[in-house]
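Reviewing the structure listed below.
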Amino acid sequence: MLPQELVKFKNESKKIIALTAWDSITGSIAEEAGADIILIGDSLAMVALGYETTLPVTVENMIHHTNAVCRGFKNNFGKEPLVVCDMPFLSYQCGEDKAVDYAGRIIKETPAKAVKIEGAEPEIQLVISRLIRMGIPIMGHLGLTPQSFLNQGLKKQGNDFISKEKIKKESEILEKIGCFAIVLEHIPDSLSKEISNNLKIPIIGIGAGTDCDGQIRVTADLLGLNDKQPPFCEPLINGKKIFTTKLREWINSEKLN
């Protein structure tokens, strides 16, 4: 799938479903489950690499894991989900030239067809515009932006008039400069609904209500593999407990043989 095809989903009122993946097994699972988008998110820092935050992840990490995810796909080229790769912390905040270099590496060295960038500050707008002009599709990300948690915290965003207006204005700017879709994270349902209704590009929510054009979730959260869950994602199963219990049963039975 190509990025521009997502507009058809919105025009046809067809929900867009996105899941994260971090290796060939989770890539295969997400594809077979029917995800329209597979995001190699910098959440792999916590899910796969053992970090406490997303900040330590490098471009090399993202390239390595994107290729691993795509090796798990079973569908032929052109029929696989849209693969989007996160631009990690300080890969795009240090100027346009470095951003072109790093984003270009992701597009050249992996099967990803787009990158995701957090925020819409003036400097970030310049970076996004430059990347799009260079032929790199961009998915925006507003609301709670985890790479900015040292300033922003990890709390819900858009709860007051000023922050609501800021998110609304930035979403309009991202559409105007050419983003093909925007992720809205952990904001009021009414705000995401208003933005989705006002914009022509798809709005994909995570903890932003059900009135977005689509939903994205960290697969490890849905499967209950983490010790801590975000407040907006109830696990479908208690995966960590299930797997640990079964493995413990097997280990104990083997010790008895």
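The numbers here are math on the coordinates, done by the rules we state, and not lab data. This one's a predicted model, so the numbers in the text were calculated from it and none came from an experiment. Every residue, glycine as well, gets a Cβ built from its backbone with ideal geometry; the counts of neighbours run over all protein chains shown.
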Run down the lysines and flag those whose C-alpha is under 29 Å from the C-alpha of LYS255, throwing out any fewer than 8 positions away in its chain. LYS240, LYS241, LYS246
Tell me the mean residue ellipticity at 222 nm calculated for the chain from its helices only (DSSP H runs of n ≥ 4, each -39500 (n - 2.57), averaged over every residue, nearest 500). -13000 deg cm²/dmol
Rounded D (µm²/s) - segment 57-145, Kirkwood Rh over Cα pairs, Stokes-Einstein at 37 °C, 0.692 mPa s: 246
Looking at the square roots a ≥ b ≥ c of the eigenvalues of the Cα gyration tensor of segment 8-56, which shape do they give, rounded for a/c under 1.5, prolate if a/b is larger than b/c, or oblate? oblate
Roughly what angle does helix 122-133 make with the longest principal axis of the chain, taking Cα atoms, 0 to 90 degrees, to the nearest 10? 80
Could you list the square roots of 5 times each eigenvalue of the Cα gyration tensor of the chain, that is, the equivalent ellipsoid semi-axes, sorted largest first and rounded to whole Å? 30, 21, 18
For CYS94, net neighbour charge (Lys/Arg +1, Asp/Glu -1) across residues whose Cβ lies under 12 Å away: -3
Show which aspartates and glutamates lie in cross-link reach of LYS74 when reach means a straight Cα distance below 16 angstrom and same-chain residues fewer than eight apart are skipped. ASP23, GLU31, GLU32, ASP36
Beyond 20 Å, what share of the Cα-Cα pairs of segment 22-92 remains, rounded to the nearest whole percent? 26
Considering just Cα atoms, how many Å³ per residue does the convex hull of segment 165-229 enclose? 89
Report Rg (one decimal) and Dmax (nearest whole number) for segment 130-257, counting Cα atoms only, units Å. 19.4, 67
Sequence-distant or interchain residues sharing an amide H contact under 5 Å with ALA181, placed H: which? GLY140
Sort ILE162, ILE25, ILE38, ILE106 so that the residue with the fewest other Cβ atoms within 10 Å of its own Cβ comes first and the one with the most comes last. ILE162, ILE25, ILE106, ILE38
Cα to Cα, under 20 Å, and not fewer than 8 places away if on the same chain: which lysines meet these conditions relative to LYS156? LYS164, LYS166, LYS168, LYS169, LYS193, LYS228
Degrees between helix 161-177 axis and first principal axis of the chain (Cα, 0 to 90, nearest 10): 80
